[in-house]
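Input: a single structure, listed below in structure tokens.
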Amino acid sequence: MTTTAYPNLLAPLDLGFTQLANRVLMGSMHTGLEEERGGFAKLAAFYQARAKGGVGLIVTGGVSPNFRGRIEPFGSELSHFWQVNKHKQVTEAVHKYPTKICLQLLHTGRYAYHPFGVAPSKIKSPISPFTPKEMSVRQIKSTIKDYAYATKLAAKAGYDGVEIMGSEGYLINQFACERTNKRTDEWGGNIENRMRLAIETIKAVREKVGEKFIIIFRLSMLDLVEGGNSWEDVVTMAKAVEKAGATLINTGIGWHEARVPTIVTSVPRAAFTWVTERMKQEVSIPLITTNRINTPEVAEKILSEGQADMVSMARPFLADADFVNKAAANKSDEINTCIGCNQACLDHVFQQKRASCLVNPMACYETELVLEKTDKTKKLAVIGAGPAGLAFSVYAAQRGHQVELFDKIGEIGGQFNVAKQVPGKEEFYETLRYFTKQLSLHDVKVHLNNEQSADSLLAAGFDEVVLATGIKPRKLDIDGLDAGFASNKVLTYLQVLRDKVNVGSKVAIIGAGGIGFDVATYLSEKSLTNDPEAWLKNWGVDKNYQQAGALLDKGELPVHQKTRDITLIQRKTSKVGKGLGKTSGWVHRANLVKQGVDMVAGATYKSINEQGLVIEVAGKEQLIEADNIIICAGQESNRDLQQALAEGGVPVHLIGGANVAAELDAKRAIRQAAELAVQI
């Protein structure tokens with residue numbers, strides 16, 4: 001008899017009236033397909049792939065129980081009988097496998113991105129342009145009925161249950177906290193009144209669908225905002241949720257407006273499971289824990305130590321639909337691990353684009369980006385083993401092509417090898433582990449320390465060549481750059497991050513895009529990825545829960561000692577870092593502010609001298625004293641082989657930085673690789 005490496009993760013969970021196949025919940029994610037024309041057919045394929053991949057329970061993206069609760073004007077809503085058939089496509093697709101699926105019911109409250117939003121009190125949110133209207137008692141009671149009716153429709157559509165969203169700062173959470181609930185009637189005041197909307201909603205839902213229907217309540221266990229709930233309030237609410245008829249309680253961490261990062265890649269793995277473990281002492285129904293759980297090893301440890309009864313992973317199922325099956329087969333080294341970057345998932349959703357995944361561009365494109373076996377095998381050369389080259393090599397080999405991958409240096413990874421050096425970006429090691437394994441599994445011939453010429457490639461008889469050769473620095477036009485002293489004073493970001501050249505105590509960084517921020521982070525921060533306790537304290541989270549919202553007093557925050565004087569400079573007049581990811585850029589900025597990094601916008605680079613860098617801002621020249629000036633700007637595509645190969649009659653394809661040399665973009669590079677592999 002074989003034993004699994006993950007006995008707790010893969011154990012069934014008995015809910016009394018039904019049983020889940022394992023302890024893995026695919027957490028709620030809005031994909032954007034919910035609003036696309038014909039999107040439900042694509043959504044069905046998306047969820048079906050995860051059900052086929054072995055997940056025990058799926059929770060859909062948030063769907064509003066009424067018009068006012070929609071995320072945006074044309075956001076998803078389930079409140080009319082004619083909407084049921086769209087959802088049946090999803091449930092029927094999932095139920096071809098032993099997976100259960102719950103519809104998340106989410107009322108945005110004051111987070112609504114439209115002028116019809118309502119909330120417990122007329123208080124505008126910092127992340128929405130609209131001020132909500134205060135709900136009347138009649139509207140509150142009507143909303144409870146809407147939740148119940150939406151649940152009835154969900155049951156008609158074939159869902160096994162619903163998740164009532166009571167965290168992340170949405171409507172039910174807004175009622176539960178004094179921060180946003182200033183009411184003086186029976187829906188405001190003490191916690192018993194503030195939580196009334198949650199409890200009455202659960203009761204109404206249970207009454208509508210009976211006992212044999214899953215009700216998950218997503219409870220905000222850590223609000224992480226001023227005016228959030230105390231631990232005593234959270235426990236009071238959890239016990240009432242259990243008594244009201246919930247089947248499971250899911251852990252909610254932080255409001256969307258909280259100034260504590262909760263899911264970005266710099267958050268340590270499983271950084272918040274301690275709060276679920278604490279709640280297990282208070283209630284008896286199964287608890288689900290969440291946030292930055294991205295490997296079966298981490299999930300198994302949580303369950304084996306009794307911190308929770310189930311683990312929720314959302315983005316890891318974008319990265320790899322077969323996560324559970326691979327774990328069950330003891331093949332965790334084949335899992336395409338979520339790196340927590342947010343670039344193609346959350347950032348896309350907040351820009352009203354369809355979600356996908358940086359490391360898996362097939363996510364949410366299951367019916368469009370399909371790697372079908374080719375009936376015409378080609379011999380392909382891929383030049384450059386960075387993100388684009390790695391991805392294309394694997395995808396093309398999966399289709400049945402003969403692929404040879406070349407790189408002039410001695411390791412695969414390209415810019416991933418740069419990124420993994422940056423504190424908080426250690427997850428890139430996982431991506432490199434994944435690609436190393438996939439190259440081997442799909443028999444890609446890898447040639448390292450092997451610089452190819454057009455002649456050698458032509459002589460080898462390749463049918464087509466893919467140039468994934470990335471970028472090369474473009475020389476900047478700054479007086480003094482060619483002076484003798486500049487050879488030691490001026491460095492490129494590759495010399496710093498890849499070659500580990502020593503850097504002095506005073507630094508000027510030219511270019512404040514993603515690379516500039518990475519270099520500033522590398523030079524100023526100590527990584528806290530493997531020290532959750534220090535990380536929590538650094539961000540002001542109080543594990544002892546002495547204050548409401550679990551935030552430390554300002555006097556308890558750690559004082560940072562500067563190790564270098566760093567100035568980050570850009571030509572653009574916009575806020576430094578504005579072009580970074582929508583959901584993660586603020587974290588990078590906040591980190592550098594804590595480290596005392598100066599940021600300068602609207603600068604003209606005048607000259608470099610032995611004292612440092614002379615710039616002009618708003619018509620005034622100033623000297624930034626610097627031991628080293630690091631260039632993180634100015635690059636162009638490396639296409640040196642293109643013309644000679646084309647002249648030799650070999651079709652040439654450009655992907656990644658070789659195609660577009662703008663700010664380094666692994667998301668675009670890997671997606672281009674997939675699109676080319678599908679059609680070549």
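Here, each number is a calculation from the coordinates, and none is a lab measurement. Just so you know, these numbers come straight off a predicted model, no measurement behind them. Methodologically, a virtual Cβ is constructed for each residue, glycine included, from the backbone with ideal geometry; neighbour enumeration extends over all protein chains shown.
Details
- Scoring 442-451, 368-377, 246-255 by mean Cβ neighbours within 10 Å over their residues and listing the highest first yields 246-255, 442-451, 368-377.
- Computed extension gain for Ser456 through Glu226, at 0.36 nm per residue and net of the alpha carbon distance, reaches 76.4 nm.
- For the pair Ser440 and Lys620, a Förster radius of 60 Å applied to the C-beta separation gives a FRET efficiency near 0.55, rounded to the nearest 0.05.
- Measure of compaction for segment 475-633 (Cα Rg per 2.2 N^0.38 Å): 1.16
- For segment 57-64, Karplus couplings with θ = phi - 60° (6.51, -1.76, 1.60), whole Hz, Gly/Pro x: 9, 10, 10, 6, x, x, 10, 7
- In straight-distance terms, cross-link reach from Lys122 covers every one of the lysines whose alpha-carbon lies under 20 Å from its own, apart from those fewer than eight places away in the same chain; here that gives Lys133, Lys141, Lys182.
- Loop-located GluC sites (Glu not before Pro) in segment 556-622 (DSSP state not H, G, I, E or B) with no more than 13 neighbouring Cβ atoms inside 10 Å: Glu610.
- Cross-link partners for Lys425 among the lysines, with Cα-Cα distance under 19 Å and sequence neighbours closer than 8 places in the same chain left out: Lys500, Lys526, Lys582, Lys594, Lys667.
- With R₀ set to 35 Å, the beta-carbon distance separating Asn449 from Val660 gives a calculated FRET efficiency near 0.80.
- Considering only alpha-carbon pairs that sit under 8 angstrom and 6 or more positions apart, the relative contact order computed for the chain is 12 percent.
- Assigned charges on the beta-carbon of Lys, Arg, Asp, Glu; the chain dipole about Cα centre (debye): 1640
- HN-Hα J in Hz across segment 214-223 - Karplus 6.51, -1.76, 1.60, θ = phi - 60°, x for Gly and Pro: 6, 10, 9, 10, 8, 9, 6, 7, 9, 6
- On Cα atoms only, tilt of 666-679 relative to the major axis of the chain in degrees: 90
- For segment 13-328, a Kirkwood radius taken over Cα pairs fed into Stokes-Einstein (20 °C, viscosity 1.002 mPa s) yields D = 111 µm²/s.
- Degrees, to the nearest 10: 585-594 long Cα axis against longest axis of the chain: 80
- Residue-count net charge about Val422 - beta-carbon cut-off 10 Å; Lys, Arg +1, Asp, Glu -1: -1
- Within a straight-line Cα-Cα reach of under 14 Å, Lys301 can be paired with the following aspartates and glutamates, leaving aside sequence neighbours fewer than 8 residues apart in one chain: Glu277, Asp309.
- Extended-chain gain in nm, criterion 0.36 nm per residue less alpha-carbon gap, Arg433 and Gln352: 25.9 nm
- Qualifying trypsin sites (Lys or Arg not before Pro) in segment 402-436, DSSP loop, other Cβ atoms within 10 Å at most 16: Lys408
- Label point 7 Å beyond Cα of Ser574 along Cβ direction - residues of segment 348-367 with amide nitrogen under 15 Å: 351
- In a DSSP loop and with at most 14 other Cβ atoms within 10 Å, the GluC sites (Glu not before Pro) in segment 196-279 are Glu211, Glu226.
- Signed unit charges on C-beta, dipole axis of the chain, positive-most listed residue Cys341, Ile101, Tyr429: Ile101
- Here's the picture: charge each Lys and Arg Cβ at +1 and each Asp and Glu Cβ at -1 in the chain, and of Asn190, Gln351, Asn417 the one pushed furthest to the positive end of that dipole is Asn190.
- Distance in nm between pseudo-label sites at Asp553 and Thr367 (7 Å out along the Cβ direction from Cα): 5.8
- Label-to-label distance for Ala646 and Ser487 is 3.7 nm, based on points extended 7 Å past Cα in the beta-carbon direction.
- 222 nm mean residue ellipticity, helices alone, for the chain (DSSP H n ≥ 4; -39,500 (n - 2.57); rounded to 500): -8500 deg cm²/dmol
- Between Gln635 and Arg474, the built amide H atoms are under 5 Å apart, and every one of these is 5 or more places off in sequence or on another chain.
- If R0 is taken as 35 Å, the Cβ-Cβ distance between Phe74 and Lys243 corresponds to a FRET efficiency of 0.40.
- Computed over segment 402-480, the quotient of the alpha carbon radius of gyration and 2.2 N^0.38 Å is 1.38.
- Cα long-axis angle, helix 387-398 against the chain (0 to 90 degrees, to the nearest 10): 70
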